[in-house]
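Q: One structure is given below, represented as structure tokens, and several questions about it will come after.
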Amino acid sequence: MQKALAGEPTHDVLCVGHASYDLVFSVPHHPLADEKIFADDFLACGGGPAANAAVIVARLGLNAAFAGYLGNDLYGQSHALELVQEGVDTRYVVRGDAPTPLSCVLVKPNGDRALVNFKGATRHLNQDEIDFTGIRPKVILLDGHEPSLSVSLADWARTCGIPLVLDAGSLHEGTKALMHKVDYLVASEKFAKQWLQDDNEEEALARLASQSPVVVITLGERGLIWRNDGVSGSLPAFPIQAIDSTGAGDAFHGAFAAGIAKNLGWEELLRYASAAGALCCQTSGARAGLATSNDLSALLAKFSH
């Protein structure tokens, strides 16, 4: 299905996985049973872990491509147009009559959120539904939501020496199949707890290191912990006032993959990705909060000492 090519890379980062359309309501509180409330603000935009990651890679000035599914409905059309406008290569997007996945997000004033997702009859793509012949990215980011497609792509990438990053947001079929195939396992606190079946983050970090050579566990406002080639460490979160945490993980993963493509050093890479996640929390809605290169540089400079 794929063929390794000689010469210059075709893309900095290829992001593979989930694309949705987000309906984001800013609410004074989460509604109680049979309660009708009015939103203070509303945003409609594209979303999904891999799709958001592709957008932030492009906003950071790198060459990004997204591979995944969008329906032929209004939401799919809107999202596809957004990706093109952001400069993301959409040649590897499959379109079809199944609905575009939808996410309804309720965001409280303190940044806490509740989500309702809808996929309908939308199925996973088969491993042969996208022809990757000719592509040669510097880095591949997988979110696990297209397991058949991603596993075969990961096997090919490993034979070509292309670094693989897994956005392990939660434990499911795709992340379980990919976690031992990637070079960088970047997991949420939720994933770590689900996988370990315990709340011990340090123990999860130690055990996950047997699955991948580099492991990062993001802990929200508590920062992150990591293990790289037998060495462990931590990094505090940037001190920001959170408005909406939706998409912060997507921003982190996209910037992390972009930083690898930019050959950043390890500590610099972690700060780079952490800054992207922090900036996303300062705006309502995931897509709107994805940083540009200037945004990221300004925050990093502000906390450089």
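Since every read-out is calculated from the coordinates, none of them should be taken as a lab result. Since the structure is predicted, the reported quantities are computational estimates derived from the model, not experimental observations. Positions of Cβ are backbone-derived with ideal geometry, glycine not excepted, and every protein chain shown enters the neighbour counts.
Q: How high is the relative contact order of the chain, in percent, counting Cα pairs under 8 Å that sit 6 or more residues apart?
A: Relative CO of the chain lands at 19 percent.
Q: Where does the charge balance sit around Ser232 when Lys and Arg score +1, Asp and Glu -1, over other residues with C-beta under 14 Å from its C-beta?
A: -3
Q: OK, next. How would you rank 164-177, 11-24, highest first, on the average number of other Cβ atoms within 10 Å across their residues?
A: Final packing ranking: 11-24, 164-177.
Q: With a cut-off of 8 Å between alpha carbons and a minimum separation of six or more residues, what is the relative contact order of segment 1-81 in percent?
A: Contact order relative to length: 39 percent.
Q: Is there a quick way to get the dipole size of segment 56-100? I mean about its Cα centre, with the Cβ of Lys and Arg at +1 and of Asp and Glu at -1; what is the value in debye to the nearest 20?
A: 120 debye
Q: Under a GNM of the chain (C-alpha, springs under 10 Å), which listed residue has the highest mean-square fluctuation: Pro239, Pro101, Pro137?
A: Pro239
Q: With charges set only on the Cβ (+1 for Lys and Arg, -1 for Asp and Glu), what does the dipole of the chain come to about its Cα centre, in debye to the nearest 20?
A: 420 debye
Q: Continuing with the same structure: So for each of 217-224, 118-125, 254-261 I average, over its residues, the number of other beta carbons within 10 Å; can you give me the resulting order with the highest mean first?
A: 254-261, 217-224, 118-125
Q: Of Phe252, Phe66, how do they rank once you tally other Cβ atoms within 10 Å and put the fewest first?
A: Lowest to highest Cβ neighbour count: Phe252, Phe66.
Q: What lysines does Lys176 reach when the alpha-carbon gap must be under 18 Å and sequence neighbours fewer than 8 apart in one chain are set aside?
A: Counting by Cα, and skipping residues close in sequence, Lys176 has these lysines nearby: Lys190, Lys193.
Q: In addition: Quick one: which of 53-61, 197-205, 26-34 comes out on top by average Cβ neighbours within 10 Å, and what's the full order, highest first?
A: 53-61, 197-205, 26-34
Q: Once the principal axes of the Cα atoms of the chain are found, what is the range along each, listed largest first in whole angstroms?
A: That gives 58, 48, 40 Å along the principal axes, largest extent first.
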